[in-house]
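K.L.:
Can you read through this structure? Questions will come right after.
Bear in mind that the values in this text are calculations on the coordinates, not laboratory data. All values reported here derive from a predicted model rather than from experimental measurement. We place every Cβ from the backbone using ideal geometry, glycine too, and count neighbours over all the protein chains shown.
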Amino acid sequence: MKKFDADAMGERLLRKLAGGTSRRSMLSRLGAALVAAPAFPLLPVSRAEAAKPDRSPEGKTGFARNAQTKDDTKCDYWRYCAIDGALCTCCGGGIHSCPPGAEPSPVSWVGTCINPDDGKAYLIAYRDCCGKPACGQCGCDNTDRETQLYVPQLNNDVIWCFGTTSMEYHCSTAVLVGSAS
Amino acid sequence: MKKFDADAMGERLLRKLAGGTSRRSMLSRLGAALVAAPAFPLLPVSRAEAAKPDRSPEGKTGFARNAQTKDDTKCDYWRYCAIDGALCTCCGGGIHSCPPGAEPSPVSWVGTCINPDDGKAYLIAYRDCCGKPACGQCGCDNTDRETQLYVPQLNNDVIWCFGTTSMEYHCSTAVLVGSAS
Amino acid sequence: MPRTAARGLFAAAAWGWALLAGPTQAAPADTGAALEMETSDVLSITPPKPTWFFVDGGWDMPGTSIFDGETGKMKGMVETRRLADFAIDPAGKYYYVAETIWSKGDRGTRQDMVSVYDSQTLNLITEVPLPGRILIGARKNNFIVSDDGKTAYVYDFSPVSGVNIVDLVKRKFVTAVELPGCASMMPNPGVGFSALCSDGSLATVAIKGTKANITHSAPFFSATDDPIFDNFTYDKHKKETTFLTYTGQIYQAKLGPTPTISAPFSIQAAAGIRPGETKPLELNWYPGGRQPMALHRPSGHLFVLMHMGEYWSHKASGTEVWEVDLATQKVVKRRTLKEPMNNIEVSQTDKPMLFMNGEGGNAIVVDVATGEEKHRIERAGGSTITVADPS
Amino acid sequence: MPRTAARGLFAAAAWGWALLAGPTQAAPADTGAALEMETSDVLSITPPKPTWFFVDGGWDMPGTSIFDGETGKMKGMVETRRLADFAIDPAGKYYYVAETIWSKGDRGTRQDMVSVYDSQTLNLITEVPLPGRILIGARKNNFIVSDDGKTAYVYDFSPVSGVNIVDLVKRKFVTAVELPGCASMMPNPGVGFSALCSDGSLATVAIKGTKANITHSAPFFSATDDPIFDNFTYDKHKKETTFLTYTGQIYQAKLGPTPTISAPFSIQAAAGIRPGETKPLELNWYPGGRQPMALHRPSGHLFVLMHMGEYWSHKASGTEVWEVDLATQKVVKRRTLKEPMNNIEVSQTDKPMLFMNGEGGNAIVVDVATGEEKHRIERAGGSTITVADPS
């Protein structure tokens, strides 16, 4: 994977999302958001650190105890521990791929899911694919460490279609973005 | 009931529906429609005459043999012999009344239904109430003498919301408009 | 009789439609000997009654259906497309819908607005354009109306967190205020509004004209480990909010310029069993659902949807309703449900009725005094339930 | 590793999205020992294959889902809101949708159009505005494309009956022609189109530029007593339409400037039982459903959904599929269905597959040779089914 200046990336994206707000105004708004409370996908990381999840067998949730790694078109696939919506893998897409004509949202809610093969926790970005009507296949709603709207990046009910041409919800992917350990 | 010049009414309405077409053009179009084939709610009447329905017990359809006259919120209420959609009587409306905020279509498809109390056949105008989302209650689809799109006034699938502010389908009424005998 | 029939068919359009404010259900004209020709009309209804309940159709049905809890009959419908939010004017004159509409369905130009409906005709009166709003649905606190009915607060998330303020008297957008790290609003009379925050505090936003001043309480809950359900309840008579967490802790917040928050108690302990915990593998009764609780304000009794399960099952439908006396902190009754329910509300009447619906969209009306299921309505709608709160 | 994670989250937006035309399903990267970070992308598909089927979501689902009949897997979706009509470009390059969109959902400005989608990216290419179209849905003959792919005919009903002609090459509306008393179109290559009429005739509309000349066949069926199902089938190789009536009469029309219509035969008689009648109380097998029949053009076999009932039960789902050899006028096979089906299509392949769905929206794929149910897809969509017809 190429190297990026993540901070610069983030700012550019966020300015675009905010609809042409000036750099200064955007930075001050962002600053407020970042300092006062996590409101961006950057922050699940600090959340993951803060939680220090117990991954012993007794510490595993019901979902984690029953999760599998073979079939990503089933609700109990390990990455789906906090997904809500139609699985893109059942809609003509893939685990990190949108079906034809849909557009992945650049921001997303996240989950911290345990891979039963290695027992490790990973950060999963649930990127919605947008711009097509609801796919209707393989509806799943898993809620490990899923919280309420005042922690939006851990809430799976929000329509996470920001910065896409259309905000119509089509399906959700589960993209592996890093280790949570 | 007041007396009307039905032909004049019809023309005025139809001109309005056709969006300001000139009288001459409208008459020629209508003339074609009326001569070549029935395409308007005027014509179910000639249909009713042409059909000369057999109303002996053996001539009754399955719907007519089981129809009742007491509860207009049930699919087997006698007037519903050719209705398709949500019953307005279950949606806050009445047998000839639209629920609040909905608007009855001035034109409609029609049915010829037999009243089990007097054994007579009546013309029923299934006027759609329009401009609200589908009510969702009491869905019925009865098909006595219901035909296909090339006889539109006897087809119950068309969204009969013409001349209303919005063509969104809300529910259907069953208005008694005359005797078919 | 072709001519007569033709008259009947065309007459209504020529007359215009009479608006009848009479009986809600016209008796069919076909019970007597002579069947008479009828004309079409449109009914109207009374302003909202405390015995009515309003069911959002959610993802599948683009309207909020109005039901009379006493008869179980539908009174009418207000358009609430997917992800719209519904609110009732405290004076009962209007229904408000905060909604987002694209000019071409799922494409085209985005249009955010508060749509205003007359509560008696259910006609659209006007639309108040907004700069934006969150798209989530099934929340009761993203679109709230102040107790005096003059101001609406519309939560926005773009994904910057903010609130759009609407003057409901002038029917105009006033200003947008930022609300970093917080969401899930409640009215704060005379002050502005308050909201829950990701640091576990309660934010209070004092509004003066277009200026907003945000203050925070000390953190009192863990937003990530034991979150407060964001469909909490607000009592405008006591200016008080009741909060419920995933584990079953109940808090109350007295609102004002500097809100005070009570020490919590456990709903399970209040029922004489061990409190809920955040650890997996601990089977217990937990609160759950989308709208998991309802407050009967006159009695101070809280009704909570409860299910047996492990922690992180907070969206699971309830198989029991627990009735909590908030004053004594005791569960005074546990009711078993015939089928699991996901949303609950209660009429603010002397003889309260519970209104519930499940994931399939079927609703029930239960008499609190007798426990009897008075009505069951199929396809009533699957999302949040609202009741009128008499002044 | 907060920085790494942050990169992953933001990287995709900075790159833009790579359009991958490779394997349709990327294998998960988590089966090996080292789990690698992934980026998001968008898949594309091949042009339509004869083994695919397209299921309109109908009233409940605003899209037409594309399924591979061989694997039972979904390939993608084309937007088809309620009451839209879907068609496939004969060359396989485009999908066309005739649709009506209000600028504010159920209110605002009405917009009628043909929307053009690229068949490989499923991206919207353009919209061709129309002066109007009928709102009915679940019909395959209100929006038809000429065999050469150059012209689309869009049926309108306002409630004056007419057809809007669209040039698909220039992507422009050409003209509107009136079609009094007729509807339910079929292509008529080199001439224009034909349609069924309420007087029981077949109308042929010869188009020259913006001029239309309408001629009628002699009446051959009763439009009110024994109507032809308007979801009939058209064979572009034979320039022939096969019609089926409520009682079970089968006609074939050879198209051209002056179409000729065959003498009908009874599907029940073809199966060795008494023909269907229009009289009530006569229990018999009748054809029924919304899309009650499908023609396998290479073999000339017609597949018809049949149910036991009385006359005027034409919308009833089929409990059997009857396979009719049109050449010998014999029912060569009757298949019992596990659950009643409402729409039927068949792949135009050497080894035909039947595609069916029921009122609940579940679809099945049946191998004609073995009768085996190969796939069952829940919530596939409840309305009409389309297949690609290879040239």
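K.L.:
So, in nm, how far is label D:T109 from label B:D118 when the simple model puts each one 7 Å beyond its Cα toward the Cβ?
P.N.:
Simple spin-label model gives 5.1 nm for this pair.
K.L.:
So, one more: Please turn the phi angles of segment D:351-364 into ³J(HN,Hα) values with the Karplus equation 6.51 cos²θ - 1.76 cosθ + 1.60 (θ = phi - 60°), one per residue in order, whole Hz, x for glycine and proline.
P.N.:
Going residue by residue, I get 10, x, 10, 8, 10, 9, 9, x, 5, x, x, 8, 10, 10 Hz, with x marking Gly and Pro.
K.L.:
How shielded is B:165-176 by partner chains, expressed as the average number of their Cβ atoms within 10 Å of its Cβ atoms? Each step should come with its number before you reach the end.
P.N.:
On the way: counts 3, 9, 7, 9, 5, 4, 2, 0, 3, 2, 9, 8.
The shielding value for this peptide is 5.
K.L.:
Taking Cα pairs under 8 Å and at least six residues apart, what relative contact order does chain C come out at, in percent? All intermediate terms of the calculation are to be shown ahead of the outcome.
P.N.:
Values: 986 pairs, mean separation 46.5, N = 391.
With pairs under 8 Å counted, the relative contact order is 12 percent.
K.L.:
For segment C:265-301 and segment D:179-234, what is the centre-to-centre distance using only Cα atoms, to the nearest Å?
P.N.:
So the two Cα centres are separated by 67 Å.
K.L.:
Considering only the label points, 7 Å along Cα→Cβ from Cα, what distances in nm to one decimal separate D:E36 from the same position in each other copy, shortest first?
P.N.:
Result for D:E36, in nm, nearest copy first: 8.2.
K.L.:
Over segment D:315-391, what is the relative contact order in percent, taking alpha-carbon pairs closer than 8 angstrom and at least six residues apart? Provide the component values of the computation, followed by the final result.
P.N.:
Working: 153 pairs, mean separation 17.6, N = 77.
The value is 23 percent.
K.L.:
Right, something else. Within segment C:32-95, report the GluC sites (Glu not before Pro) that DSSP leaves as loop and that have at most 11 other Cβ atoms within 10 Å. Each step should come with its number before you reach the end.
P.N.:
Working: sites: C:E36, C:E38, C:E70, C:E79; in loops: C:E36, C:E38, C:E70.
For GluC sites (Glu not before Pro) across segment C:32-95 that sit outside H, G, I, E and B with at most 11 neighbouring Cβ atoms in 10 Å, the list reads C:E36.
K.L.:
For D:D106, list long-range residues whose amide hydrogen, built 1.01 Å from N in the peptide plane, is under 5 Å from its own amide hydrogen.
P.N.:
Amide H neighbours of D:D106: none.
K.L.:
Which chain D residue sits with its beta carbon nearest the axis carrying D onto C, and how many Å away is it, rounded to a whole number?
P.N.:
D:S103, 2
K.L.:
Continuing with this model, one more query. Once amide H atoms are built 1.01 Å from N in the peptide plane, which residues 5 or more positions from D:E320, or in another chain, come under 5 Å H to H?
P.N.:
Those lying under 5 Å, H to H, from D:E320 are D:M306, D:L337.
K.L.:
Can you pull out the trypsin sites (Lys or Arg not before Pro) in segment C:185-281 whose DSSP state is coil and whose Cβ has at most 11 other Cβ atoms within 10 Å?
P.N.:
Details: sites: C:K208, C:K211, C:K236, C:K238, C:K239, C:K254; in loops: C:K236, C:K238, C:K239.
Listed in order of number, the matching sites amount to none.
K.L.:
Rounded to the nearest 0.05, what FRET efficiency do C:K170 and C:A206 have when you use their Cβ-Cβ distance and R0 = 22 Å?
P.N.:
On the way: r = 21 Å, r/R0 = 0.96.
E(calc), rounded to 0.05, equals 0.55.
K.L.:
Using the 7 Å Cα-to-Cβ label point, sort the distances from A:P116 to its equivalents in the other copies shortest first and give them in nm to one decimal.
P.N.:
5.8
K.L.:
Dipole of segment B:57-179, Cα-centred, from +1 at each Lys and Arg C-beta and -1 at each Asp and Glu C-beta, to the nearest 20 debye?
P.N.:
Values: 9 positive and 14 negative charges, 34 e Å.
Rounded to the nearest 20 debye, it is 160 debye.
K.L.:
With label points built 7 Å along Cα→Cβ from the Cα atoms of C:A218 and B:D71, find their separation and express it in nm.
P.N.:
Taking the two extended label points, one gets 6.2 nm.
K.L.:
Name the residues whose placed amide hydrogens come within less than 5 Å of the amide hydrogen of A:D72, ignoring near sequence neighbours (fewer than 5 apart) on the same chain.
P.N.:
The list, which skips near neighbours in sequence, is empty: none.
K.L.:
Related question: Which order do C:H216, D:H307 fall in if you start with the one that has the fewest other Cβ atoms within 10 Å? Please list the in-between numbers first.
P.N.:
Working: C:H216 17, D:H307 22.
Going from sparsest to densest Cβ surroundings: C:H216, D:H307.
K.L.:
In the structure displayed, which of C:K75/C:K315; D:K49/D:K374; D:K150/D:K236 lie more than 22 Å apart, Cα to Cα? Walk me through the numbers on the way to the answer.
P.N.:
Numbers: C:K75/C:K315 30 Å; D:K49/D:K374 18 Å; D:K150/D:K236 15 Å.
Beyond 22 Å: C:K75/C:K315.
K.L.:
So what is the calculated 222 nm ellipticity per residue for chain D, using -39500 (n - 2.57) for each DSSP H run with n of 4 or more, over all residues, to the nearest 500 deg cm²/dmol? Don't skip to the end; give the middle numbers.
P.N.:
On the way: 2 runs with 18 residues, N = 391.
Value at 222 nm, helices only, nearest 500: -1500 deg cm²/dmol.
K.L.:
Would you list C:L35, D:L83 from fewest to most Cβ contacts within 10 Å? It would help to have the intermediate numbers written out before the result.
P.N.:
Numbers: C:L35 18, D:L83 22.
Taking fewest neighbouring Cβ atoms as first place, the list is C:L35, D:L83.
K.L.:
Between C:R274 and C:R335, what length in nm is gained on full extension when 0.36 nm per residue of separation is reduced by their alpha carbon distance? If you can, show how the numbers build up before the last one.
P.N.:
Working: separation 61, 0.36 × 61 = 21.96 nm, distance 1.90 nm.
Gain on extension, C:R274 to C:R335, equals 20.1 nm.
K.L.:
Segment A:113-152: which trypsin sites (Lys or Arg not before Pro) are DSSP loop and have at most 15 other beta-carbon atoms within 10 angstrom? Could you put the intermediate results ahead of the total?
P.N.:
Numbers: sites: A:K120, A:R127, A:R145; in loops: A:K120, A:R127, A:R145.
Passing both the DSSP loop test and the Cβ count: A:K120.
K.L.:
Also: Would you work out which of B:T147, B:A134, B:P100 lies farthest towards the positive end of the dipole of segment B:57-179, given +1 charges on the beta-carbon of Lys and Arg and -1 on that of Asp and Glu, about the Cα centre?
P.N.:
It is B:P100.
K.L.:
Tabulate in residue order the Karplus-calculated ³J(HN,Hα) for segment D:210-225, using 6.51 cos²θ - 1.76 cosθ + 1.60 with θ = phi - 60°, rounded to whole Hz; enter x for Gly and Pro.
P.N.:
Whole-Hz 3J(HN,Hα) from phi for segment D:210-225: 9, 9, 10, 10, 9, 10, 10, 6, 5, x, 10, 9, 9, 5, 10, 8.
K.L.:
Here's something else I'd like to know. From the phi angles alone, apply the Karplus equation (6.51, -1.76, 1.60; θ = phi - 60°) to segment B:167-174 and give each ³J(HN,Hα) in whole Hz, x where the residue is Gly or Pro.
P.N.:
Per-residue couplings from phi come out as 9, 5, 8, 10, 6, 10, 9, 9 Hz.
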